[in-house]
Protein chains: 2
Amino acid sequence: METQRTSGDRRIEAVVKTLDVLEALWRAEGAGVTAVTERTGLAKSTVHAHLRTLRSKGYVVQEGDEYRLSLRFLSFGEYVKHAEPLYEAAATPSADLSDRTGERVLCSTEQHGLGTIIQARDGNRSVTSDIDVGTPTYLHCSAGGKVMLAHFDDEKVERIVDDWGLPAFTEETITDRETLFEELESIRDAGIAYNRSEYVPGISAIGAPIMDNDETVYGAIAVSGPQHRLENEWDVDELRNQLLSAANTIEVNLMFS
Amino acid sequence: METQRTSGDRRIEAVVKTLDVLEALWRAEGAGVTAVTERTGLAKSTVHAHLRTLRSKGYVVQEGDEYRLSLRFLSFGEYVKHAEPLYEAAATPSADLSDRTGERVLCSTEQHGLGTIIQARDGNRSVTSDIDVGTPTYLHCSAGGKVMLAHFDDEKVERIVDDWGLPAFTEETITDRETLFEELESIRDAGIAYNRSEYVPGISAIGAPIMDNDETVYGAIAVSGPQHRLENEWDVDELRNQLLSAANTIEVNLMFS
DNA sequence: TAAAGTTGTTCCGCTCGATTGAACGCAGTG
DNA sequence: CACTGCGTTCAATCGAGCGGAACAACTTTA
């Protein structure tokens, strides 16, 4: 997960390495020294030194020969969650929408070019997904992500694409800039965005923006479900209205926080 | 938050400093360079270099002149939360208990000598508290903490006290080892632990252990409320039974996970 | 309006420490 | 008993983390 390095980017290598180690532990959901070594490309002794340091500060726990992220990250995680206004503001509207539609509702916001799911609510027939609260997501291949991109200024979109590229996840993923910008244009016109199996095959979604005022976009809310159900069973106008209504409720909530 | 450094503790200074910076940002709930400098005692340029590195890796966001922890920590936090079996296992029993008692229910576990709240449920009349999910807590001054200490072997308790000391928070806090060990003895006999305003004045609690099998303690569940209510209004035997019942339910849940 | 005091940021040299390959101890295994 | 996997330790060296001082962009004060 490399990202935005602008001009004067003299970085502290040891810090970069430690973060890589933490990220490897996270991805692997716990791992031994050699597993981390393979994932990071660092020397085994280096990894060991970092793990030892992280352990001594309580950020990593060792159980037998396996290292895992410690509960220290729980305090950080809960803090950033509650510090994000969208979390409270979107709680009930998201739950209502998933109740009404029976589908999975995801509420996300953008940070340094990636989306992060802030709220995830399951409906009574929603499909399970590996996307959950906290999951970082690419913006170009999700309904919520595209709807946010559509309301950023072009240079910001350019910068994000420069930083993260347009990796393909399915056949449908948009992988070139021109198509993306055309799509963003039509999203601005329509007021909502579609994700047609662009990230996970067979999973589609519809997303609406959450605007701060009428100028800047704060985040997005999206209904996600099996492609056939969203395309065939659903009354698109009805769903669109419910989505926009939920988004609007969140916007109002945001004004009182 | 220094902690367990055992024998060969050659630590990576740069990593220690970065973690201190992150912790300062967390405590301050966002801060500028100089504020972090004051909290950490590092040089301003050093803090700046660390913040720049953390930002470039997406762990910190900069808004104007203020740096904050990024949503990156949300993924870590959600991961460790769900990786902890107690989180799922304690969800409904904790909610039930807070419904029944109307008081705040806290479920915690131990890691590197500190407790961490895994579940926090409010009852219909529970007092607000700065203790919430993710909050690290000293073990010697909380009901849940003491009940865990009571089921650790003595050497582990000694080590924890060595590492963290017995800082006083109120007049009632236990601050010497002898009293602590006597208390732990009586907790083992009684099967439950009391916190009589030992951490926050006027707030008391009753805690029960969550045992893995009949040998090792996995965590603790506690009911917390205003001292006078828990001491006067409540039928202690009744509360004790409800507590132990909830703990037992959690233990059963843990066996199927 | 200018001066004085903030802040965040950059620069650069010094030396201290992060890094790594190799060696070690200790398991399990054929 | 050799062999292979692991986590851990060690020592040497070269690179990079560090902090003082200077700078820039502000706001506050006289």
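The values are calculated or read from the model by the stated rules, or taken from the named source; none is laboratory data. None of the values given here were measured: they were computed from a predicted structure. Cβ: placed from backbone, ideal geometry, glycine included. Neighbour counts: every protein chain shown. Accessible surface areas use protein heavy atoms only, side chains included; no ligands, DNA or RNA. Shrake-Rupley method; radii C 1.70, N 1.55, O 1.52, S 1.80 Å.
Observations, loosely collected:
- The residue of segment A:92-139 that is surrounded by the fewest Cβ atoms within 10 Å (Cβ to Cβ), among those that are under 19 Å from the mean Cα position of the chain (by Cα) and basic (Lys, Arg), is A:ARG121.
- Those helices (runs of 4 or more DSSP H) of segment A:144-257 in which 1 or more residues are more than 19 Å from A:ARG121 (Cα to Cα) and among the small types (Gly, Ala, Ser) occupy A:177-190.
- Some residue of segment B:39-53 being modelled with pLDDT under 95, away from DNA strand D (no atom under 12 Å from the Cβ) and touching a Leu at 6+ places or on another chain (Cβ under 6 Å): no
- Condition check for A:ASP132: more than 13 Å from every other protein chain (Cβ to nearest Cβ) and among the charged types (D, E, K, R): no
- Residue match in segment B:101-118 (condition: more than 14 Å from chain A (Cβ to nearest Cβ) and assigned to a helix (DSSP H, G or I)): yes
- Residue in segment A:204-223 that is under 19 Å from A:ASP130 (Cα atoms), open to solvent by 30 Å² or more (accessible area, probe 1.4 Å) and in the same structural domain as A:GLY144 (by TED's automatic domain parsing) present: no
- Scan of segment B:52-73 for residues that are of a type outside the set (Lys, Arg) and either out of contact with any strand residue (DSSP E or B) (no Cβ under 6 Å at 6 or more places or on another chain) or more than 10 Å from chain A (Cβ to nearest Cβ) (or both), ordered by number: B:THR53, B:SER56, B:GLY58, B:TYR59, B:GLN62, B:GLU63, B:GLY64, B:ASP65, B:GLU66, B:TYR67, B:LEU69, B:PHE73
- Failed criterion for B:GLY30 (all others in (1) in contact with a strand residue (DSSP E or B) (Cβ under 6 Å, 6 or more places away or on another chain); (2) facing chain A (nearest Cβ under 7 Å) hold): (2)
- Any chance B:ALA83 is surrounded by fewer than 19 Cβ atoms within 10 Å (Cβ to Cβ) and facing chain A (nearest Cβ under 8 Å): yes
- Boolean, A:SER94 is in a strand (DSSP E or B) and among the small types (Gly, Ala, Ser): no
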